[in-house]
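The values are calculated or read from the model by the stated rules, or taken from the named source; none is laboratory data. The model shown is predicted, which means the values in this text are computed figures rather than measured ones. Don't worry about glycine lacking a Cβ; one is built from the backbone with ideal geometry, like all the others, and counts go over all protein chains shown.
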Amino acid sequence: MKKLTNILLLVSVLATLGCVNKGAKTNHKDGDQWNSLFNGENLDGWVVKIQHHDYGNNYANTFRVKDGKIQVNYDDYTTFDERFGHLFYHQPFSSYHLRFKYRFTDQWMEGAPSYAYRNSGVMFHSQDPKTILKEQDWPISVEYQILAEETEGTPRPTGNVCSPGTEVYYNGEIDPRHCINSTSQTYKWDTWVSGELIVHGDSIVHIINGEVVLKYSKPTIGGGVVSRFDPAVKMDGKLLTEGYIALQSEGHGIEFKEIEIKVFDESETR
């Protein structure tokens, strides 16, 4: 019964949002077709931006492919030194359904901030990575935050939203919090978890293991957290209806696999 209820809720959410494409610039075919963003063999189609390093410099092979998975790996690091990194898919999207699987590894980089322990994320509606300055820490974007259990028995939901250089509407009004927790369960660090993100321009749904755990809307450029950015890019008040997708590295090892996207077809609502 619970599974049926979740399915009906998801159908209701999709019907409410409506399948309206906001003009995604994509080579992928629209409609019901799922397309892989990761070929399982290499990082073709992806580009790296790591703080303190130039666009395209995959410092110390931070992002790598092993056994059909994209890894965030710190084997070749000596110190973390605030090298917050992001692996961007090379083209922007607007209205779509993204799905992926992730699990953390036991690799924790000493010197990373304590909040980054068993913490990662998928950024979306992000600024073009080519516009991220060398010393900028985070892309101006919205983050589907990924967390795992830190202390046994203490709730730590995953599939939350964080807003570096942005603000979102939650329960119908701008929420001043940088991060808003979802209603998900807490998962062990070494458990494969399925994440999904449904984006219809400015309306967004987070799903974890098939359950809707968070809904919000109107991501807008504004707020703080992002540092050393180009002021010409941070146009406060601008509504975000498209942008780039990126996987995050901020101090804890993690693996991603089965990264797929379905771009919504504008003709579906005609």
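The rows are residues; the columns are (1) crowded, with 19+ Cβ neighbours inside 10 Å; (2) not small (Gly, Ala, Ser).
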{"position": "74", "(1), (2)": "yes, yes"}
{"position": "91", "(1), (2)": "no, yes"}
{"position": "116", "(1), (2)": "no, no"}
{"position": "119", "(1), (2)": "yes, yes"}
{"position": "122", "(1), (2)": "yes, yes"}
{"position": "141", "(1), (2)": "yes, no"}
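Could you check residue 200 against (1) at pLDDT 95 or above; (2) of a type outside the set (S, T, N, Q); (3) farther than 30 Å from residue 80 by Cβ and say which number it fails?
Here residue 200 clears every test but (1).
Name the one entry in 51, 107 that is closer than 26 Å to residue 224 by Cβ and touching a Gly at 6+ places or on another chain (Cβ under 9 Å).
Only one candidate passes the filter, namely 51.
Just the residues that are in contact with a Phe, Trp or Tyr (Cβ under 6 Å, 6 or more places away or on another chain) and buried (at least 23 other Cβ atoms within 10 Å of the Cβ), please, taken from region 124-134.
The one that is in contact with a Phe, Trp or Tyr (Cβ under 6 Å, 6 or more places away or on another chain) and buried (at least 23 other Cβ atoms within 10 Å of the Cβ): 126.
If you scan region 203-227, which residues turn out to be modelled with pLDDT under 95 and not small (Gly, Ala, Ser)?
Listed by number, the residues that qualify are 225, 226.
Here's the yes/no breakdown for (1) assigned to a strand (DSSP E or B); (2) out of contact with any Asp or Glu (no Cβ under 8 Å at 6 or more places or on another chain); (3) under 26 Å from residue 109 (Cα atoms); (4) of a type in the set (Lys, Arg):
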residue: 33; (1), (2), (3), (4): no, yes, no, no
residue: 41; (1), (2), (3), (4): no, yes, yes, no
residue: 49; (1), (2), (3), (4): yes, yes, yes, yes
residue: 53; (1), (2), (3), (4): no, yes, yes, no
residue: 56; (1), (2), (3), (4): no, yes, yes, no
residue: 60; (1), (2), (3), (4): no, no, yes, no
residue: 65; (1), (2), (3), (4): yes, no, yes, no
residue: 70; (1), (2), (3), (4): yes, no, yes, no
residue: 74; (1), (2), (3), (4): no, yes, yes, no
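When you scan region 152-270 for strands (runs of 3 or more DSSP E) that lie fully inside it, which ones turn up with 1 or more residues that are without any contact (Cβ under 8 Å) to a residue 40 or more places away in the chain and either acidic (Asp, Glu) or farther than 22 Å from residue 140 by Cβ (or both)?
Counting at least 1 such residues, we get 173-175.
Please indicate, with yes or no, whether at least one residue in region 24-33 is modelled with pLDDT of 95 or more, under 28 Å from residue 210 (Cβ atoms) and in contact with a Phe, Trp or Tyr (Cβ under 9 Å, 6 or more places away or on another chain).
Checked against the condition, which is being modelled with pLDDT of 95 or more, under 28 Å from residue 210 (Cβ atoms) and in contact with a Phe, Trp or Tyr (Cβ under 9 Å, 6 or more places away or on another chain), region 24-33 yields no hits at all.
Could you give me the residue pairs with C-beta distances under 6 Å whose first residue belongs to region 34-52 and is closer than 20 Å to residue 248 by Cβ, whose second residue is surrounded by 15 or more Cβ atoms within 10 Å (Cβ to Cβ) and of a type in the set (S, T, N, Q) wherever it lies, and which are 6+ apart or on separate chains?
48/58
Just one of 135, 143 is more than 20 Å from residue 71 (Cα to Cα) and in contact (Cβ under 8 Å) with a residue 40 or more places away in the chain; which is it?
Answer to the selection: 135.
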